[in-house]
Amino acid sequence: MPRPAAGRGLIEIWTARPKSLLKARSCLQVLDDDDRTELGKIANIASLEAAVAGRILLRLALSHVSNQRLAAAYWRFARLETGKLQLAAGLPQINFSLSHCDALVGVAVSHVFEVGLDIESVDSPMSAAVKDAFLTHDEQRRLSRLHAPHSLRGAIRIWTLKEAFSKLLGAGFASEFQAMDFRLFPEPELVSEQNFPTSPTHFESLYIEGDDNLYLTTLAVAQAAASTGEIQFLNLIEETSERPARASAVSETSARCGAVAQNVGAVEE
């Protein structure tokens, strides 16, 4: 797969269906005892499968973006006081963010850019109480101008923007969503950016088809000074029961220049 030229940073976004990863014994073997201990505490089966698949996908993506300098089974992780997962000391420090729902998992990885990623079903139910909890008054006012189902889709998009941005900050659910005010049009913009001590943030979104639904994947990128970047979306697909899963790059975009159509081929796992 082609790499960015000097002075450009690559962000890879990997997605996969949990069941495709969990069917492969070789994928399960990349997990270590710490993974099994931590993830084994999850009681809900669907959530457990998604979390396990997400950890597998993270390990595969880290090995790929580091040009296989370290095999997938040898990555080690630690957690900050905030609960954010990071690579253990002594390992190549690669920025990453992980997100999963029951039918789709995703990982964003980059050597250069700090990233935050969120994935949600476009048809996720959302009660009035939930909207009041995470939408600002101005966001609700803007959404009220839209007809259903566009207002719900708009609310879900704001949710993914806030989740991705909070992961970028390293706070996760500890973030104060009411302090984030997003405008969706003409393009996603954090209106209340002055409330957060971070670099200017760029947002990208991609719709991905799952087994029985459509999913919105949103990426938040802290724009490093004097750096430009490219985003490559890769989907781990299962071709047949006899052949291993492979990573297929479905699109490439520039973090500053917008979408660019480019066929970047397929890469064996």
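The values are calculated or read from the model by the stated rules, or taken from the named source; none is laboratory data. Because the structure is predicted, anything quoted here is derived from the model rather than measured. Cβ placement follows ideal geometry from the backbone for every residue including glycine, while neighbour counts extend to all protein chains displayed. Ligands, DNA and RNA are stripped out before the accessible areas are found, and what is left, the full protein with its side chains, is counted by its heavy atoms. Shrake-Rupley method; radii C 1.70, N 1.55, O 1.52, S 1.80 Å.
Restricting attention to region 225-244, does a residue exist that is among the small types (G, A, S), touching a strand residue (DSSP E or B) at 6+ places or on another chain (Cβ under 9 Å), at pLDDT 90 or above and buried (at least 21 other Cβ atoms within 10 Å of the Cβ)? No, region 225-244 contains no residue that is among the small types (G, A, S), touching a strand residue (DSSP E or B) at 6+ places or on another chain (Cβ under 9 Å), at pLDDT 90 or above and buried (at least 21 other Cβ atoms within 10 Å of the Cβ).
Please find, within region 104-122, the residue that is surrounded by the most Cβ atoms within 10 Å (Cβ to Cβ) out of those that are assigned to a strand (DSSP E or B) and acidic (D, E). Break it down into steps so the answer makes sense when it comes.
Going through region 104-122, the residues assigned to a strand (DSSP E or B) turn out to be 104-110, 115-121.
From what's left, acidic (D, E): 118, 120.
On the way: D118: 26, E120: 19.
The qualifying residue surrounded by the most Cβ atoms within 10 Å (Cβ to Cβ) is D118.
Of all the listed residues (F173, F165), the sole one being modelled with pLDDT under 90 and outside any loop (DSSP other than H, G, I, E, B) is F173. Search region 90-102 for residues that are free of Cβ contacts under 8 Å to residues at least 60 places away in the same chain and pair each with any residue that is part of a loop (DSSP other than H, G, I, E, B) and open to solvent by less than 30 Å² (accessible area, probe 1.4 Å) when their beta-carbon atoms are under 7 Å apart and the residues are at least 6 apart or on different chains. Sorted first by the residue in region 90-102, then by its partner, the pairs are L91/W75; P92/S66; I94/S66; N95/F113. Pairs meeting the criteria (first residue in region 193-209 and over 19 Å from F113 (Cα atoms) and open to solvent by 80 Å² or more (accessible area, probe 1.4 Å), second residue modelled with pLDDT of 90 or more and not aliphatic (A, V, I, L, M), beta carbons under 8 Å, at least 6 apart or on different chains) are Y207/Y215; Y207/T217; E209/Y215.
Counting only strands (runs of 3 or more DSSP E) that fall entirely inside region 8-99 and contain at least 1 residues that are exposed (fewer than 13 other Cβ atoms within 10 Å of the Cβ) and of a type in the set (A, V, I, L, M, F, W, C), the qualifying elements are 77-79. Taking into account only those residues within region 120-161 that are acidic (D, E) and closer than 19 Å to D212 by Cβ, which is modelled with the lowest pLDDT? Taking the candidates together, the pick is D123.
Quick check on S151: is it without any contact (Cβ under 8 Å) to a residue 40 or more places away in the chain and assigned to a helix (DSSP H, G or I)? Spelling it out, S151 is indeed without any contact (Cβ under 8 Å) to a residue 40 or more places away in the chain and assigned to a helix (DSSP H, G or I). Of all residues in region 156-174, at least one satisfies being of a type in the set (S, T, N, Q) and closer than 27 Å to G9 by Cβ. Among the residues making up region 72-89, those that are farther than 20 Å from A222 by Cβ and free of Cβ contacts under 8 Å to residues at least 40 places away in the same chain are Y74, W75, A78, R79, E81, A88, A89. Within region 120-135, residues that are under 9 Å from W159 (Cβ atoms) have Cβ atoms under 8 Å from residues that are loosely packed, with under 10 Cβ neighbours inside 10 Å and at pLDDT 90 or above in no pair, counting only partners at least 6 apart in sequence or on another chain. Pairs are defined by a Cβ separation below 8 Å, a sequence spacing of at least 6 or placement on different chains, a first member in region 10-36 that is within 10 Å of L57 (Cβ to Cβ), and a second member that is open to solvent by 60 Å² or more (accessible area, probe 1.4 Å) and not acidic (D, E); the pairs so defined are P18/H100.
Of all residues in region 88-120, exactly one satisfies the criterion of being in contact with a helix residue (DSSP H, G or I) (Cβ under 8 Å, 6 or more places away or on another chain), more than 20 Å from E12 (Cβ to Cβ) and small (G, A, S), namely A103. Residues that are in contact with a Cys (Cβ under 9 Å, 6 or more places away or on another chain) and not hydrophobic (A, V, I, L, M, F, W, C) occur at least once in region 104-120.
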